[in-house]
1. Read through the list (1) assigned by TED's automatic domain parsing to the domain that holds ILE365; (2) assigned to a helix (DSSP H, G or I); (3) closer than 30 Å to VAL158 by Cα, then give the number of the only condition that TRP354 fails.
2. Tally up the residues in the range 1-16 that are touching a strand residue (DSSP E or B) at 6+ places or on another chain (Cβ under 7 Å) and more than 23 Å from ARG65 (Cα to Cα), please.
3. Looking at the range 372-387, is at least one residue among the aliphatic types (A, V, I, L, M), closer than 19 Å to GLN140 by Cβ and either in a helix (DSSP H, G or I) or not assigned by TED's automatic domain parsing to the domain that holds HIS282 (or both)?
4. Restricting attention to the range 38-67, which residues are of a type in the set (Val, Ile, Thr) and assigned to a loop (DSSP other than H, G, I, E, B)?
5. What residue, among those in the range 252-266 that are in a helix (DSSP H, G or I) and in contact with a helix residue (DSSP H, G or I) (Cβ under 8 Å, 6 or more places away or on another chain), is surrounded by the most Cβ atoms within 10 Å (Cβ to Cβ)?
6. Which of the residues that make up the range 293-342 are touching a strand residue (DSSP E or B) at 6+ places or on another chain (Cβ under 9 Å) and polar (S, T, N, Q)?
7. Would the range 279-290 turn up any residue that is touching a strand residue (DSSP E or B) at 6+ places or on another chain (Cβ under 9 Å) and closer than 26 Å to LEU461 by Cβ?
Amino acid sequence: MRILFADDETSIQELMRIELPRLGHEATVCPDGRTAIAALDRTAYDCVLVDLDMPGVGGLDVISRVREVAPDTETVIITGKSSLESAVAAMRQGVFDYLTKPCKLADIQAVLERVRKKRELSARLRALEGRVRRAEGATQLVGGSAALAGVKRLVARVAASDSTVLVRGETGTGKELVARSIHEGSPRASGPLVAVNCGALPEQLVESELFGHRKGAFTGADEHRAGLFEVADGGTLFLDEIGELPKSLQSRLLRVLESGEIRRVGDSHPIMVDVRVVCATHRTLEEMVAAGDFREDLLFRINTFEVAIPPLRERLDDLPSLVNHFIRKARPQTPVEAAVVDSEVLAVLSAHRWPGNIRELANVIEHALVLCDELPLTVEQLPARLGGMVSRPPATALMAPHLATTLKATSLRVGESPVQPSARPISLRELEMQAIREGLARNQGNKVRTAEELGISLKTLYNKLHQLQDGQQERPVERPT
């Protein structure tokens with residue numbers, strides 16, 4: 001790394017001129033703060049090590065200049081024990097770490113190695129985010145329904161602010177997509193967006209993941225580790241399923257939101273971070289507050305601005321747009337003018353309740369595309385639960401409950417009007433047709449609802465109706481005897 005070192009002690013200056021290059025770094029050594037500031041104005045550095053107690057222009061003045069001209073540069077302070085309070089104050093300004101005099105060369109080397117790892121990780125994160133943005137393009141909330149239009153308006157308004165946002169919605173409605181849209185529309189768009197599912201982290205590791213830890217803070221803590229708040233510094237931290245956060249950590253999160261200070265596990269001094277927090281939940285947090293499982297003051301703090309996402313069943317007008325989006329995302333070479341689904345598919349999809357919302361729809365389309373050699377998609381390629389023909393039992397088995405009802409009704413009629421022993425028995429096919437006629441009558445001729453009620457695919461229903469029609473045309477006219 002390129003390192004700027006400033007200290008007013010001549011012996012330390014000479015030591016650093018020799019040892020920093022030996023450790024593989026390019027070093028600029030300055031005898032005072034004024035020289036260090038002049039060097040900052042000429043050259044960009046990866047890390048600045050500065051003595052806090054220098055006459056004239058002190059270490060804090062140098063750090064302040066670093067923040068102005070090179071905010072991405074990491075800073076480390078060296079201080080005597082008498083000025084430990086000043087060191088803590090510097091840490092609150094975002095200083096990476098501090099060393100207490102007299103310090104060993106090994107201590108300096110260890111700090112510089114942590115700085116190198118952090119900068120390497122930040123560079124990889126920026127490169128990865130750039131690749132993702134180029135591959136996915138700008139985040140889009142797909143659809144033109146009135147329900148979604150309201151969400152888009154709220155997102156556009158809150159993105160320009162720095163307010164904490166609570167995104168509410170059922171599982172699979174796209175809460176993380178809304179959080180990403182807020183981040184990309186904000187002044188923090190060039191910073192990192194870090195997402196974490198609070199319910200997916202082991203309870204004993206949540207604190208370390210969010211706030212970081214010092215080496216030796218607990219068994220297995222073999223090195224210093226930055227938490228997700230530090231990683232998201234300058235950007236947005238998305239806390240998904242905030243209702244799953246352990247009660248013991250809710251008070252710590254509240255303090256971070258109020259003060260901007262975090263404290264690594266096992267550390268005695270706080271660190272200032274500049275992070276916007278967006279939370280999401282599918283749970284009713286007010287009920288959790290009443291049950292004593294969620295802090296009321298934390299709810300008030302994270303609910304500065306609320307965005308509620310409607311479930312898919314309340315925005316079915318968006319189904320064609322969403323289906324088209326998922327198909328063309330999976331098969332980007334599809335011509336714009338090409339049809340991607342037939343009308344029967346959209347009819348079947350519109351009749352489904354979508355308990356898994358958009359995530360379920362995406363999985364359904366992925367399933368269908370696996371079976372589809374050539375677009376458009378057809379009903380047969382949909383999962384069996386939606387009316388597809390893959391791995392389905394025979395139609396007679398699917399219709400069993402309704403056939404039982406028909407048989408019961410038939411037996412009642414037989415009891416009322418006894419049949420002669422020579423009467424012709426009712427065939428299974430006739431019972432099927434009777435169930436279909438009654439289903440169509442109940443649903444006022446709606447074939448999609450009738451097929452769903454009977455537990456058969458829409459295509460099977462059409463086939464049965466064709467058989468019924470053909471049978472009526474071919475049946476001989478019975479003459480009275």
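1. (2)
2. Going through the range 1-16 one residue at a time, the tally reaches 0.
3. No, the range 372-387 contains no residue that is among the aliphatic types (A, V, I, L, M), closer than 19 Å to GLN140 by Cβ and either in a helix (DSSP H, G or I) or not assigned by TED's automatic domain parsing to the domain that holds HIS282 (or both).
4. Across the range 38-67, the qualifying residues are THR43, VAL57.
5. Start the filter on the range 252-266 by keeping residues that are in a helix (DSSP H, G or I), which leaves 252-259.
Filter again for in contact with a helix residue (DSSP H, G or I) (Cβ under 8 Å, 6 or more places away or on another chain), leaving 252-254, 256-258.
Values: ARG252: 16, LEU253: 24, LEU254: 17, VAL256: 19, LEU257: 16, GLU258: 10.
Top of the filtered list is LEU253.
6. Scanning the range 293-342 gives ASN303, THR304, ASN324.
7. For the range 279-290, residues touching a strand residue (DSSP E or B) at 6+ places or on another chain (Cβ under 9 Å) and closer than 26 Å to LEU461 by Cβ: absent.
To keep it simple, each residue is scored yes or no on (1) in a helix (DSSP H, G or I); (2) among the basic types (Lys, Arg); (3) without any contact (Cβ under 8 Å) to a residue 60 or more places away in the chain.
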site: MET288; (1), (2), (3): yes, no, yes
site: LEU298; (1), (2), (3): yes, no, yes
site: ARG301; (1), (2), (3): yes, yes, no
site: ARG313; (1), (2), (3): yes, yes, yes
site: ASN324; (1), (2), (3): yes, no, yes
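The values are calculated or read from the model by the stated rules, or taken from the named source; none is laboratory data. Everything numeric in this text was worked out from a predicted model, so none of it was measured. Quick reminder, even Gly has a Cβ in these numbers, built from the backbone with ideal geometry, and neighbours come from all protein chains shown.
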